[in-house]
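The block underneath contains the structure these notes are about, expressed in structure tokens.
The values are calculated or read from the model by the stated rules, or taken from the named source; none is laboratory data. The structure displayed is predicted, hence computed values, not measured ones. Neighbour counts are summed over all protein chains in view; Cβ atoms, including those assigned to glycine, are modelled from backbone coordinates with ideal geometry. The protein model used for the area step is the full one, side chains on, heavy atoms only, and it has no ligands, DNA or RNA in it. Shrake-Rupley method; radii C 1.70, N 1.55, O 1.52, S 1.80 Å.
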Amino acid sequence: MEYYDILLIILQIVFSGVLFWLGGFAEKRKNPKWRVCYLVPVIVTLIIIAINNFEINMLGAYIGSAVCLAGFVKESVKIRRISSVIAAVLAAVSIPVCLLSGSYRIYDYARDFKNAFDHMKKYYVLSEHKGIDWDGLYNEFLPRFEEVNRLQDEMENTIVWTEFCARFNDGHVGFVPSGDYELAMTEMYDKVLGNDYGFAPMTLSDGRTVAVNVGADTEAYNAGIRNGTVITGWDGVAPENIDDEAMKYFTFADKDNKEFYRTLICGGTGGDSITVTFLDESGNEKSVALQKIGAYYSGRLKDAMKAVNGGIETGHLMWEEIDENTSALRLKMMMSDSKSMKSDNYDSLSWSIECKIEEMKESGKNHIILDMRDNAGGSDEMVKAIASIFASEGEHYYCTDPVWDYMKKCYVTDENGNFVKGTDNYYTGRQLWDGKVTILVNANSVSAADHTVLVMKELENVTIMGFTESNGSAQGVGSVVFRNEAGISFSGSLLLDENGKPSVDSGADYESGNDVDVIVPFDEEAVRVIFDEGEDYLLQKALEY
Amino acid sequence: MKNIIRSQLFQLKKDKISIFTFIAIAVVELLLVYMMYGTNKTYDGVITGGEEVARTLSMFALLPQFFMYIFTAQSIGADFKDKTCNYEIMSGHTRLQVFFGRAIPTIIVSALGTIILVAIPGIAITAIYGWGNTISVADYIVRLLLMIFPVIRITCEFILFSFIIRNPYVIMGLSYVGFMVLGINESILHNYTPVLGFTTINNISTIDFWYTYGLDTDIRYIYETAMPTGDIVSIIVVSLLFAAAALYLGYMFFKNDDMH
């Protein structure tokens, strides 16, 4: 039972005892003022309900406090004592009722879903573009949330929400559980991603699947599987046919990005043991039965993802001297200090980059790397501030704001259902750097990072590279917060490209419009460098390119 | 009872404290409105009456509640202080007449005065800049009219306290302390059940919104002003029940009170 409910019951019983005694005391004193005390239980009950919300199973205690009012209305000792006893009994009865009832303080997860769903259906700007089947989603997921209501399982709620959000193929549609986000998501992935068999499978650019992140002293290792070992079979099926049930818990806005991670994410698929076939050092096919080891697959997946996706290990907005020609700026998000964020003015950031550029010119450096891997996005003004430094002088197109209907409170569409273009947005190039610029991205480079890719890939001296494209989600975000502080975010503000289509975000074809210049092949060499040597392969490629 | 009501209304015209309170709250609201919107510019565009109401109704619904407490305390408590109630009983009026002769005009004036004060900022902005199309007038009026019910409820509860405590300044002090203590508790302030009158007023006056924005546009707010029918019914029913209970308890106390 909750603290305030227990407190209320205890107070109710104590008040009843006091009021029982007071009935006789007031009679002896012949002072009518004492009857005011019979108001106290009701006042306290109302305050506690206000703090902790009404609960139907506590009705006994609530009615008990109201019964005490009889002592206020009637000055009879008998009535006061009887009402006090009844109040105490009703309060006490609330305890077993609350403990035995299956509906005590249940949280209505289905209500949150309905509320959020109504908001999304009304305000999600990519409904038509992505061909969202709202009725289908509602019919599929409402029963699942009703089941969550029945189970009162917050973990299950997180799982269902994560699955729901992944259906949109939009990096801006996501669920944030209440409490510690990292902990909640880790626990969720522990539950849904299956077992750890000692290594993670990953598909190379040439279509072969190899082992990565092989654990030392695991059964897999002892059987001869190493980082880069070709896996030819997974529990009786080809690796490319591994059951991809686990993919439904991950959001990818682009199908190529999804395909890149598919085998890796599904590497926990299987029972207590699986049979893995692989090519040994001699090229012979071998088979081994691997028992699941203690830890969840999610931990191994997380380590593998970090190795593949991880950027330069330094702080946000920190410069790293890579070699005699190259400096790298780590951009973990498109936000800087609080003052800049508040005023949305990034002159100070521009100035600091300009100073660095001057320093680099003086020392003869000619290559800047902007490491935007795992960049979580942020401000478009910061995008403009950075792009303007490297763009040629003059105006450069960024994107177009659609026309807004202030009367109907919606975006204006034409007779064909296309959004009507409004104001074009530009930024001014200053060309402060003549040297080479390489931007590193991955599938987690999202939102304003997608914008950065969009505007800077047009620049001549800029090369955008990664194992995958950037995320492919560039619309403005809004959110709905639930009563338990959980919430969902989704694309609520629209940005168009020159053709009047939603900028960057993929449509029903699942192809985002934000191609990078160079897709670095994820090959055996990449596996060796990343997993055996622990080096930043993508950074090495950026230096070579 | 009619005479008591008339005398109460006459007394109201002479009640400097209540009149001063009403004017002071109105002036403070107008000053706040000027400070916030005097230049006719907000962060995201030109202000209109509808925009002001949508943004700040919950804030401007707080201040007038002080008028409610002060007026009720003064209207009831002052007559106990100067023994007017005693004289009325001695002159032959029944306790019922004395009680409801006070309660009825107090409820009416408190409700009207409070709602007028809530509406003043919106009226002021509308008079200068127009209503605009942020929210519909009808939805705003529905919320204002709905607010009358918890105002009546709170007034009746304070009538009960006034008949018990009988000292207007003690009642004013206690109401201020209670309001502040309850008001700083986040979970109380955002309680969705119509348990307390002032949280009900807060729920009615808080208008949910969505917003969109562009790269080179102001933020556009979309206010969801329609209230669910179930919420409206529960607010009305609960408010009237609590009001009736408070008046009943107040009368039952007064009926047997020895007036010392």
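Among the GluC sites (Glu not before Pro) in segment A:248-296, which ones are in a DSSP loop with at most 15 other Cβ atoms within 10 Å of the Cβ? Mind listing them?
On the way: sites: A:Glu259, A:Glu281, A:Glu285; in loops: A:Glu281.
Listed in order of number, the matching sites are A:Glu281.
Tell me the accessible surface of A:Cys410 in square angstrom (1.4 angstrom probe, heavy atoms of protein chains only), to the nearest ten.
Here the accessible area works out near 50 Å².
Please tell me which of these pairs span more than 26 angstrom C-alpha to C-alpha: A:Lys114/A:Lys302; A:Lys332/A:Lys365; A:Lys33/B:Lys13; A:Lys408/A:Lys501; A:Lys306/A:Lys541? Please list the in-between numbers first.
Details: A:Lys114/A:Lys302 32 Å; A:Lys332/A:Lys365 23 Å; A:Lys33/B:Lys13 33 Å; A:Lys408/A:Lys501 21 Å; A:Lys306/A:Lys541 18 Å.
Violating the 26 Å limit, Cα to Cα: A:Lys114/A:Lys302; A:Lys33/B:Lys13.
Which whole-number value in Å³ per residue fits the convex hull of the alpha carbons of segment A:391-464? Working shown, then result.
On the way: hull volume 9.5 nm³, N = 74.
For segment A:391-464, the hull spanned by Cα atoms encloses 128 Å³ per residue.
When the solvent-accessible surface of protein heavy atoms is calculated with a 1.4 angstrom probe, in what order do B:Asp82, A:Asp190 fall, highest first?
Details: B:Asp82 80, A:Asp190 35 Å².
Listed by decreasing accessible area, they come as B:Asp82, A:Asp190.
Per the Kirkwood formula on distinct C-alpha pairs, the Rh of chain A is how many angstrom?
Details: mean 1/r = 0.0362 Å⁻¹.
Hydrodynamic radius (Kirkwood, Cα only) of chain A equals 27.6 Å.
Where both residues lie in the protein assembly as shown, what percent of DSSP beta bridges are antiparallel, nearest 5?
Numbers: 49 of 66 bridges.
Percent antiparallel among DSSP bridges in the protein assembly as shown is about 75.
What are the residues whose amide H is under 5 Å from the amide H of A:Ile439, where those residues sit 5 or more places off or on another chain and H is modelled from the backbone?
Here A:Leu370, A:Thr463, A:Ile464, A:Met465 satisfy the definition.
Would you rank B:Phe20, A:Phe390 by solvent-accessible area, highest first, keeping every protein chain in place and using a 1.4 Å probe? Write down the numbers at each step before the final one.
On the way: B:Phe20 145, A:Phe390 5 Å².
Largest accessible area first, the list is B:Phe20, A:Phe390.
Based on a Kirkwood Rh over C-alpha pairs, give the Stokes-Einstein translational diffusion coefficient of segment A:337-383 at 4 °C and viscosity 1.567 mPa s in µm²/s. Numbers along the way, then the final one.
Working: Rh = 12.4 Å.
Taking Rh from Cα pairs, D becomes 105 µm²/s.
List the DSSP H helices in chain A whose Cα atoms stretch 20 Å or more along the helix axis and whose mean Kyte-Doolittle hydropathy is at least -1.0. Walk me through the intermediate numbers first.
Details: long enough: A:3-29 (37 Å, 1.16); A:77-100 (35 Å, 1.80); A:109-123 (21 Å, -1.43); A:134-151 (25 Å, -0.72); A:347-362 (22 Å, -0.71).
Membrane-span-like by this criterion, though nothing is claimed about a membrane: A:3-29, A:77-100, A:134-151, A:347-362.
What share of the DSSP beta bridges in segment A:294-383 is antiparallel, in percent to the nearest 5?
Values: 3 of 9 bridges.
In segment A:294-383, DSSP labels about 35 percent of beta bridges as antiparallel.
Alpha carbon centre of segment A:284-327 versus segment A:446-481: separation in Å?
Each part's Cα centre sits 22 Å from the other's.
For segment B:71-223, what is the largest minus smallest coordinate of the Cα atoms on each principal axis, given in angstrom and ordered from greatest to least?
Per principal axis, max minus min of the Cα coordinates gives 74, 34, 23 Å.
Just tell me, in residue order, which DSSP H segments of chain B are both 30 angstrom or longer along the helix axis (alpha-carbon based) and at least 1.6 in mean Kyte-Doolittle hydropathy.
Membrane-span-like by this rule: B:16-37, B:95-129, B:137-165, B:229-255.
Any lysines with Cα under 16 Å of the A:Lys361 Cα? List them, leaving off those in the same chain fewer than 8 positions away.
A:Lys436
Pull up all non-local amide H partners of A:Leu204: gap of 5 or more, or a different chain, and H-to-H distance under 5 Å with H placed in the peptide plane.
Placed amide hydrogens put A:Thr209, A:Val210 under 5 Å from A:Leu204.
At a Förster distance of 22 Å, what's the computed FRET efficiency of A:Glu182 paired with A:Asp303, Cβ-Cβ distance as r, to 0.05? If you can, show how the numbers build up before the last one.
Details: r = 15 Å, r/R0 = 0.68.
According to the calculation, E is roughly 0.90.
Would you work out what percent of the accessible area of segment B:190-260, with all protein chains in place, is carbon or sulfur (probe 1.4 Å)? Spell out each step's value before the answer.
Working: 1920 of 3100 Å².
Summing carbon and sulfur atoms, their accessible area is 62 percent of the total for segment B:190-260.
How much accessible area does B:Tyr221 have with a 1.4 Å probe, in Å² rounded to the nearest 10?
Roughly 60 Å² of B:Tyr221 is accessible to a 1.4 Å probe.
Tabulate in residue order the Karplus-calculated ³J(HN,Hα) for segment A:214-230, using 6.51 cos²θ - 1.76 cosθ + 1.60 with θ = phi - 60°, rounded to whole Hz; enter x for Gly and Pro.
Along segment A:214-230, the couplings run 6, x, 5, 6, 8, 4, 4, 5, 5, 7, x, 7, 10, 4, x, 5, 6 Hz.
Run the helix sum for chain A: -39,500 (n - 2.57) per DSSP H stretch of 4+ residues, divided by residue count, reported at 222 nm to the nearest 500 deg cm²/dmol.
Working: 19 runs with 222 residues, N = 545.
Theoretical 222 nm ellipticity from helices: -12500 deg cm²/dmol.
Using amide H atoms built in the peptide plane, which far-off residues or other-chain residues are under 5 Å from A:Ser379 H to H?
Distant-sequence amide H within range of A:Ser379: A:Met334, A:Met335.
Considering protein heavy atoms only and a 1.4 Å probe radius, which residues within segment A:349-384 exhibit an accessible-area decrease of no less than 20 Å² in the full assembly relative to the chain by itself?
A:Asp380
Where Rh is the Kirkwood radius over the Cα pairs of chain B, the temperature 20 °C and the viscosity 1.002 mPa s, what D in µm²/s does Stokes-Einstein return? The partial results should precede the final answer.
Numbers: Rh = 19.6 Å.
Rounded, D is 109 µm²/s.
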